[in-house]
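Take a look at the structure set out below.
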Amino acid sequence: MPQPDFSAVRQRSLQLAEPLSSEDCCAQSMPDASPIKWHLAHTSWFFETFILEQYENDFAPFHPAFRVLFNSYYNGVGAKHPRPQRGLLTRPSLDEVRAYRLDVDRRMTQLLARRGGESALDPGLAALVELGLQHEQQHQELMLTDLKHLLAQNPLAPAYLDDPLEPAQPPAPLDWIRCEGGLAEIGHDGRGFCFDNELPRHRAYVAPFEIASRLVTNGEYLAFIEAGGYRDPGLWLAEGWDKVLAGELAHPLYWRQEDGAWREFTLHGLLPLDPARPVTHLSLYEADAYARWRGARLPTEAEWEFAARQASIEAGRFHPEAASGAGLAQMFGACWQWTSSSYAPYPGYAPAPGAVGEYNGKFMVNQYVLRGSSCATPGGHARASYRNFFPAGARWQFTGVRLAR
């Protein structure tokens, strides 16, 4: 997979913010989400802090206070502004943040040119540049999911995208794809970029299993609701049932029932619920309860990766996004798929040295792995070994269900 282009990735973030007002870009709807303005600044902070500070001659920061304001979780870099208070940063203005981006881009472009261009960098610098671009692509997905959560709080139900959302095609019948399992190679295969949590590649035994040919749809999940799925404690993990009793879980995050009809808030605004579209914005608790109701379970992350790689091979292609050849659809591009696997290090895992090594390893506790990618994931960012992760209760990402048994 080719390395993403620096200017194209940086421009894409600005394009995502283009339809928004300055008020849209400053607000924060919950502690887990960040304002668009903060995303634009933090992704610039990454290049300034981890690359320009190390490689630029006569380095001087654009603004000394930005080192604290736009640090996310890198304790090795220094102090951080509290995450829940990012929406209180009315200063610097959006225009100042845009100026910061322009300055960082100018300096990065000069640095890359002095070093012979993006294709001729020494390995250490090249790795940092690519990590910065992949990091920004992750934030581009977060920009969309955080913005969706923000707009959903507005009683006007404003649309981010003006173009209509076309109805989904009727889903194919759900079939069960048999995977014989065996001793499988799990993790990144060494071709192209990966994050450190995808390493090292290792062998794991996968028992024979079956995996659903496609994702669970809105219509199928609605049947679960109408059958009393949120009223049956026998279907729920104890922690999830506590959330049901507390009124925190009653339906997918962006569903609303009005005049007896279900509607769903989307980036295109509030629309009638499309029963053919994959159900999204579910917690692990909801995904697991639905699987139990169907007499199935969630796949492990090893099973998911095994199935995705098998489908890609049978399709006669090497790219992981070809994973549809064995009757498997929507492995990538629709929504992230919960697995039953806790987010933990692979055998022999070692984080990168220094502050940049805080990227993944320190979060390997109290989280679950999701696989695939979503409709908000930038093109080319998905691969079979990619390990996304969130707490069991997280719902604001595009998270859905693929069944296994």
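The values are calculated or read from the model by the stated rules, or taken from the named source; none is laboratory data. What you are looking at is a predicted structure, and each value in this text was computed from that prediction instead of being measured. Please note: Cβ atoms are built from the backbone with ideal geometry, for glycine as well, and neighbour counts cover all protein chains shown. With ligands, DNA and RNA removed, areas are computed over all heavy atoms of the protein, side chains included. Shrake-Rupley method; radii C 1.70, N 1.55, O 1.52, S 1.80 Å.
Observations
- Residue order for V129, V356 - accessible surface, 1.4 angstrom probe, largest first: V356, V129
- Point-charge dipole on Cβ atoms (K/R +1, D/E -1) for the chain, about Cα centre, debye to 20: 500 debye
- The alpha carbons of the stretch 334-405 stretch over 36, 29, 22 Å along the principal axes, in descending order.
- Relative to one another, the C-alpha centroids of the stretch 120-158 and the stretch 72-100 are positioned 15 Å apart.
- If you take the alpha carbon atoms of the chain and fit the smallest convex hull around them, that volume is 148 Å³ per residue.
- Residue of Y205, Y221, Y386 that the Gaussian network model of the chain assigns the largest fluctuation, springs spanning Cα pairs under 10 Å: Y205
- Accessible area of T217 in the full protein assembly, 1.4 Å probe (Å², nearest 10): 10 Å²
- Taking the 1.4 Å solvent-accessible surface of the chain as the whole, the part contributed by carbon and sulfur is 54%.
- Qualifying GluC sites (Glu not before Pro) in the stretch 113-221, where qualification requires a DSSP coil assignment and no more than 15 other C-beta atoms within 10 Å, comprise E180.
- Two-site label geometry, Q153 and D259: point separation in nm, points 7 Å out along Cα→Cβ: 2.9 nm
- Segment R203-T109, extension gain: residue separation times 0.36 nm, minus the distance between their alpha carbons: 29.7 nm
- Kirkwood-type radius of the stretch 229-293, with distances r between different C-alpha atoms, in Å: 12.7 Å
- Three-way shape label, the stretch 103-215, alpha-carbon gyration tensor, a/c 1.5: oblate
- For the pair D122 and D162 in one chain, pulling the backbone fully straight at 0.36 nm per residue adds 10.0 nm over the alpha carbon distance.
- Here the 3J(HN,Hα) profile of the stretch 370-379, calculated from phi with Karplus coefficients 6.51, -1.76 and 1.60 at θ = phi - 60°, is 10, 10, x, 5, 10, 5, 9, 6, x, x Hz, Gly and Pro shown as x.
- Note on the chain: GNM, Cα springs under 10 Å; of G240, G192, G380, the largest mean-square fluctuation is that of G192.
- The modelled label-to-label distance between A238 and H268, using points 7 Å beyond Cα along the C-beta direction, is 4.4 nm.
- Kirkwood's formula applied to the C-alpha pairs of the stretch 4-84 gives a hydrodynamic radius of 14.0 angstrom.
- In order along the stretch 62-72, phi translates into HN-Hα couplings of 4, 8, x, 5, 5, 4, 8, 4, 10, 6, 8 Hz, rounded to whole numbers, per the Karplus curve 6.51 cos²θ - 1.76 cosθ + 1.60 with θ = phi - 60° and x for Gly and Pro.
- The stretch 56-162 - Debye-derived log10 I(q)/I(0), Cα point model, q = 0.22, 0.24 Å⁻¹: -1.46, -1.51
- Between V206 and G182, L183, A184, the built amide H atoms are under 5 Å apart, and every one of these is 5 or more places off in sequence or on another chain.
- Shape category assigned to the stretch 45-115 from the gyration tensor of Cα positions, a/c cut at 1.5: oblate
- Summed residue charge, Cβ within 9 Å of H268's Cβ, Lys/Arg positive, Asp/Glu negative: -2
- Computed from Cα atoms alone, the Kirkwood hydrodynamic radius reported for the stretch 152-284 is 18.4 Å.
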